[in-house]
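The values are calculated or read from the model by the stated rules, or taken from the named source; none is laboratory data. Worth saying up front: this structure is predicted, and the values here are computed from it rather than measured. Neighbour counts run over all protein chains shown; Cβ positions are idealised from the backbone, glycine included.
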Amino acid sequence: MQRHAISIRRRIVTGLLLAGLAGAAHAEIVIEDVWARATPPGFDKGAVYFELTNDSPRSNALVGVSTERAPRAELHRTIEEGGNSRMVHTPRVAIPAESEVIFEPGGRHVMLMGIETALTEGERFTIRLETEDGGELAVEVQVLAPTAMGVD
């Protein structure tokens with residue numbers, strides 16, 4: 001009987017471990033529809049937009065961004081105050097568990113600063129998003145027309 005109880009405990013522990021591993025494998029941040037607008041020659045700033053989904057039961061956060069396309073990249077958001085809009089650096093963007101965060105024109109975005117050559121329509125480049133838990137997400141950016149409002 002004692003052997004049977006140990007066997008049952010092993011099965012329960014094994015089942016819990018496997019369930020934990022399955023949960024960890026499912027703990028993902030998915031980034032889709034990554035795009036930027038083409039910029040005019042001589043303009044040294046640009047913005048990147050995307051949709052981020054956290055399928056994990058754990059929250060996370062973006063804490064940094066980098067790209068070889070610009071010497072400086074920051075997480076930003078546009079805020080409205082007194083009829084004026086302005087951009088502010090947001091060093092940490094919370095990613096709640098099982099939710100999505102949208103980076104879009106007029107809202108959150110990745111700001112590229114110090115661009116030496118214009119972003120050109122049809123170009124592709126990579127940005128790396130750093131997460132609070134130590135992960136890095138490398139995603140490809142598609143440069144669209146200067147008047148684009150999204151990938152669709």
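When you scan region 120-130, do you find a residue that is small (G, A, S) and in contact (Cβ under 8 Å) with a residue 24 or more places away in the chain, even just one?
No.
In region 100-119, what residues are surrounded by 18 or more Cβ atoms within 10 Å (Cβ to Cβ) and in contact (Cβ under 8 Å) with a residue 60 or more places away in the chain?
Residues satisfying the conditions are H109, V110, M111, L112, I115, L119.
Go through (1) surrounded by fewer than 16 Cβ atoms within 10 Å (Cβ to Cβ); (2) in contact (Cβ under 8 Å) with a residue 40 or more places away in the chain one by one and return the number of the condition E80 breaks.
It fails just one condition, (2).
Say whether the condition of being in contact with a helix residue (DSSP H, G or I) (Cβ under 8 Å, 6 or more places away or on another chain), closer than 28 Å to G134 by Cβ, crowded, with 17+ Cβ neighbours inside 10 Å and at pLDDT 90 or above is met by at least one residue in region 48-67.
Here is the first cut: in region 48-67, the residues in contact with a helix residue (DSSP H, G or I) (Cβ under 8 Å, 6 or more places away or on another chain) are 55-57.
Of the ones still in play, those that are also closer than 28 Å to G134 by Cβ are 55-57.
Applying the additional criterion that residues be crowded, with 17+ Cβ neighbours inside 10 Å yields 56.
Imposing the further condition that a residue be at pLDDT 90 or above reduces the set to 56.
Scanning region 48-67, I find at least one residue that is in contact with a helix residue (DSSP H, G or I) (Cβ under 8 Å, 6 or more places away or on another chain), closer than 28 Å to G134 by Cβ, crowded, with 17+ Cβ neighbours inside 10 Å and at pLDDT 90 or above, so the answer is yes.
Going through region 118-152 one residue at a time, which ones are of a type in the set (G, A, S) and either under 14 Å from A47 (Cα atoms) or assigned to a loop (DSSP other than H, G, I, E, B) (or both)?
Answer for region 118-152, where residues must be of a type in the set (G, A, S) and either under 14 Å from A47 (Cα atoms) or assigned to a loop (DSSP other than H, G, I, E, B) (or both): A118, G122, G134, G135, A145, A148, G150.
Among the strands (runs of 3 or more DSSP E) contained in region 22-107, which hold 1 or more residues that are small (G, A, S) and over 23 Å from A148 (Cβ atoms)?
Numbers: elements: 29-37, 45-54, 60-67, 72-81, 84-89, 93-95, 99-103.
Where strands (runs of 3 or more DSSP E) fall fully within region 22-107 and carry at least 1 residues being small (G, A, S) and over 23 Å from A148 (Cβ atoms), they are 60-67, 93-95, 99-103.
For region 34-61, how many residues are over 16 Å from L112 (Cα atoms) and hydrophobic (A, V, I, L, M, F, W, C)? Walk me through how you get there before you give the answer.
Step one: of region 34-61, the residues over 16 Å from L112 (Cα atoms) are 51-61.
Filter once more, keeping what is hydrophobic (A, V, I, L, M, F, W, C): 52, 61.
The qualifying residues number 2.
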